[in-house]
Amino acid sequence: MALVREKYLNGAYGVCPRILCNKQTVLPIGLSDEQKYARVKIFCPRCNEIYNAKHKQSHMDGAYFGLSFPQEFFMVRK
């Protein structure tokens, strides 16, 4: 989890595309826990919205992270 925390703090997963979020760093999220259902998306903890990932990350299967990854990340982190 420490590696994921470092990536999150460094903005490796990207930033929220909304201007009002002031470049809030985002976390990856899947729309399902089933493989080959959907590609990875990004979740902004400030506006609580899910957006399409950049082309670089969009080839990854969303099941790798799962639907509850951001919530679990923040529960462990705090």
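The values are calculated or read from the model by the stated rules, or taken from the named source; none is laboratory data. No experiment lies behind these values; they were computed from the predicted model shown. No Cβ is skipped: glycine too gets one built from the backbone with ideal geometry, and neighbour counts run over all protein chains shown. When the accessible area is computed, the model is the full protein with side chains, heavy atoms only, and any ligands, DNA or RNA have been set aside. Shrake-Rupley method; radii C 1.70, N 1.55, O 1.52, S 1.80 Å.
At q = 0.18, 0.19, 0.26 Å⁻¹, what is the base-10 log of I(q)/I(0) for segment 6-78 according to the Debye formula with one equal point scatterer per Cα and no solvent? Please give it to two decimals.
Each listed q corresponds, in turn, to -0.65, -0.72, -1.25.
How much accessible area per residue does the chain have, in Å², with a 1.4 Å probe?
71
Net charge near residue 52: determine it from the other residues with C-beta under 9 Å of the C-beta of residue 52, scoring Lys and Arg +1 and Asp and Glu -1.
+3
Ignoring ligands, DNA and RNA, what percent of the 1.4 Å accessible area of the chain is carbon and sulfur?
Carbon and sulfur together cover 53 percent of it.
Which whole-number percent gives the relative contact order of the chain, counting Cα pairs below 8 Å spaced six or more residues apart?
Averaging sequence separation for qualifying contacts and normalising by length gives 27 percent for the chain.
Answer with one residue from 67, 9, 29: the one whose Cα lies farthest towards the positive end of the charge dipole of the chain, charges on Cβ with Lys, Arg +1 and Asp, Glu -1.
Going by the charge dipole, the pick is 9.
What dipole magnitude, in Debye to the nearest 20, does the chain give about its Cα centre under +1 on Lys/Arg Cβ and -1 on Asp/Glu Cβ?
340
In terms of modelled amide H atoms, which long-range or inter-chain residues lie less than 5 Å from the amide H of residue 39?
Residues meeting the amide H criterion: 62.
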